[in-house]
Amino acid sequence: MPLLEEGTMSDFSFIKTHRTWEDWCGMLLGALIVASPWFPIQDHSSIVERQTMILNTVAIGLVVFGLSQLEYVALQRWQEVATILVGLWLIVSPYVFGYSGEGFLRIYHTSLGAVAVILGVLQLWQDWDLSDQDMLKHGQ
């Protein structure tokens, strides 16, 4: 029975530690967000009508990508908070910019925003008790 408990604790410690693969997932997430306006959608409105949505989406994707790169290089808690805020903005963007009727794109942006929020919350939880010195050792 002690082996079972020990295995469970080691599995939990895997989640409690901020790993560099999480930063790579954040970079991939940013790239997916940038590419999302060009995926097939139900309403084929012109690029001019969608220009604001495209600029917003590309900006959000680049910010998520850049924050993940910063976390990979020099881990700071503000980066994780920014990822959460940007993910929340991506979730509400379809309603703010008026493309919430485009089902696939709305669902896609809501899902990607939720993944960004979850990833940011997970990383913030993992790094909450780390000292500044421990955060500097991230990725080494």
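Every number in this text was worked out from the coordinates using simple rules, so none of it is lab data. Just so it is clear, the structure is predicted and the values come from calculations on it, not from any experiment. Using ideal geometry, Cβ is built from the backbone for each residue, glycine included, and neighbour counts are taken over all protein chains shown.
Couple of notes before you dig in:
- Stretch gain in nm, segment L88-W24, where the contour uses 0.36 nm per residue and the Cα spacing is subtracted: 21.0 nm
- Positive contributions from Lys and Arg (+1) and negative ones from Asp and Glu (-1), summed over other residues with Cβ under 15 Å from the Cβ of A116, come out at -4.
- Summed side-chain charge close to Q79 - residues other than Q79 whose Cβ falls under 13 Å, Lys, Arg +1, Asp, Glu -1: -4
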